[in-house]
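The values are calculated or read from the model by the stated rules, or taken from the named source; none is laboratory data. On a predicted model such as this, the values are computed, not experimentally measured, just so you know. Positions of Cβ are generated from backbone atoms using ideal geometry, with glycine treated the same way; all protein chains shown enter the neighbour counts. To get the accessible areas, we keep the full protein, side chains included, count just its heavy atoms, and leave off ligands, DNA and RNA. Shrake-Rupley method; radii C 1.70, N 1.55, O 1.52, S 1.80 Å.
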Amino acid sequence: MKVLQLIDSLRLGGAEKMSVSYANALAERIESSFLCCTRLDGFLKEELHTTVNYVFLNKKSILDTNAIFKLKNFIKYHNIDVVQAHGSSYFIASLVKMLWPNFKLVWHVHNGASNQMNFFELNTLRFISRFFDGIITVNISLSNWAKENLNCKNVIDLPNFVLNNSSSKVGDLTLKGEADAFKIICVANLRPEKDYSNLIKAFKEFAKNKNVSLHIIGNDLDTLYSEKILKELENSGTNKKMFYYGSRRNVIFLLKQADLGVISSRSEGLPVALLEYGLAGLCVVSTDVGHCKDVIKNNGIVVGKEDHIYLSKAFNTYYSNRELAKTDALKFHNDITKKYSPSTVVSRLIEFYNSILITN
């Protein structure tokens, strides 16, 4: 079996990380594993195994014919059986399938905000979904949404997973601020659904008269929203305790320097960052979005979204009780390494591929 992972960017992000993780994990289990980045190359490419065949399209526009035909020719030349299109890359994949239908197209939806699309977006996706041979979602609620709204009923929910890349280069960046501070870390791009305003409010409330710090890692997407958040950080009054690092390599190395990992989003599927917090051995606090509550169970604290007071209180719970923080962190770490390793997920994925390939 030959499978291509398709993604629009290889910059820091959950879907981007998962495209690389799937390509790497499949490389050990199938005949050939490929990854194609359509638009924005990035340092996540460095995490690809040498056995993964990589191509970059350098797509300039939504209907870039050079990129479309380059992808079509690549799929045809390598006789690829399945294209797994992550996130928005489904669009170029569907255009290629119109030209060369001799492969199976699987859309992998990561974003919990998909079920909040406007009328035009949903109807465009509904039309394109007739070219899908299968859909992968990261939780049951997204699976139900896809079955109810799209023209493809062959849907499976597969949780994200984390690869413990022990061979990764050790980073040389030390988290800023007081060395003995209680360090909270958030890994998420500066997007509206990540609700950084809520996180900043919660931290300001929590940080009063405490030796604590907040560390934010994620892409500045150069939007009005990211500009707003960076100004909020700068003008917070606690900017000597809040630090923004942009996009960084080897995030696990940075996570291991922190004490608590936070998800402050108003919308999610199953954030890869949450799994990385567990892998790094952090206690976790998350808003009740997407699949987060089901992943955390009783091994962390879950609060209502868009409520900075309860988010602040959750921070204080672990700050005030370090033994509880250590106990919950260990339980969460053990649960993540047991249930969100690649072996089970990828085995189910290959079964899903096979079921699609034998269907005309």
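One table, with the values for the structure above:
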quantity	calculated
First in region 116-139 and closer than 20 Å to LEU99 by Cβ, second anywhere and acidic (Asp, Glu) and open to solvent by less than 80 Å² (accessible area, probe 1.4 Å), Cβ under 6 Å, 6 or more apart	none
Identity of the residue in region 239-262, of a type in the set (Lys, Arg) and within 21 Å of ASP180 (Cα to Cα), that ends up most open to solvent (accessible area, probe 1.4 Å)	LYS240
Yes/no for VAL96 being touching a residue at least 24 places away in the same chain (Cβ under 8 Å) and over 22 Å from the mean Cα position of the chain (by Cα)	yes
Qualifying residues in region 118-141 (those that are surrounded by 12 or more Cβ atoms within 10 Å (Cβ to Cβ) and not in a helix (DSSP H, G or I)) - the one nearest to the chain's Cα centre (by Cα)	VAL138
Pair list, Cβ < 9 Å and 6+ apart or interchain, from region 65-81 residues that are closer than 12 Å to ASN102 by Cα to residues that are assigned to a loop (DSSP other than H, G, I, E, B) and open to solvent by less than 20 Å² (accessible area, probe 1.4 Å)	ILE75/PHE103; LYS76/PHE103; ASN79/PHE103; ILE80/PHE103; ASP81/PHE103
Any hit, region 236-248, residues being out of contact with any strand residue (DSSP E or B) (no Cβ under 9 Å at 6 or more places or on another chain) and not in a loop (DSSP other than H, G, I, E, B)	no
Counted residues, region 72-93 - those being under 24 Å from the mean Cα position of the chain (by Cα) and either over 18 Å from GLY269 (Cα atoms) or open to solvent by less than 40 Å² (accessible area, probe 1.4 Å) (or both)	11
From the options GLY278, GLY304, residue that is of a type in the set (Gly, Ala, Ser) and touching a residue at least 24 places away in the same chain (Cβ under 8 Å)	GLY278
So GLU16, is it acidic (Asp, Glu), touching a residue at least 24 places away in the same chain (Cβ under 8 Å) and either surrounded by fewer than 24 Cβ atoms within 10 Å (Cβ to Cβ) or in contact with an Asp or Glu (Cβ under 7 Å, 6 or more places away or on another chain) (or both)	no
Sole exception among (1) closer than 20 Å to ALA23 by Cα; (2) out of contact with any Lys or Arg (no Cβ under 7 Å at 6 or more places or on another chain); (3) open to solvent by less than 60 Å² (accessible area, probe 1.4 Å) for THR50, by number	(3)
Residue check, GLY246 out of contact with any helix residue (DSSP H, G or I) (no Cβ under 8 Å at 6 or more places or on another chain) and at pLDDT below 95	yes
Per-region count, region 235-256, residues touching a residue at least 24 places away in the same chain (Cβ under 8 Å) and under 22 Å from LYS208 (Cα atoms)	8
Residues located in region 19-47, provided they are crowded, with 18+ Cβ neighbours inside 10 Å, among the hydrophobic types (A, V, I, L, M, F, W, C) and either in contact with a Pro (Cβ under 7 Å, 6 or more places away or on another chain) or at pLDDT 95 or above (or both)	VAL20, ALA23, ALA25, LEU26, ALA27, PHE34, LEU35, CYS36, CYS37
Within region 144-171, considering residues that are open to solvent by less than 60 Å² (accessible area, probe 1.4 Å) and under 17 Å from the mean Cα position of the chain (by Cα), the one modelled with the lowest pLDDT	LEU163
Residue match in region 213-229 (condition: at pLDDT below 95, open to solvent by less than 10 Å² (accessible area, probe 1.4 Å) and assigned to a loop (DSSP other than H, G, I, E, B))	yes
Checking SER236 against (1) modelled with pLDDT of 90 or more; (2) over 22 Å from the mean Cα position of the chain (by Cα); (3) surrounded by 17 or more Cβ atoms within 10 Å (Cβ to Cβ), the condition it does not meet	(1)
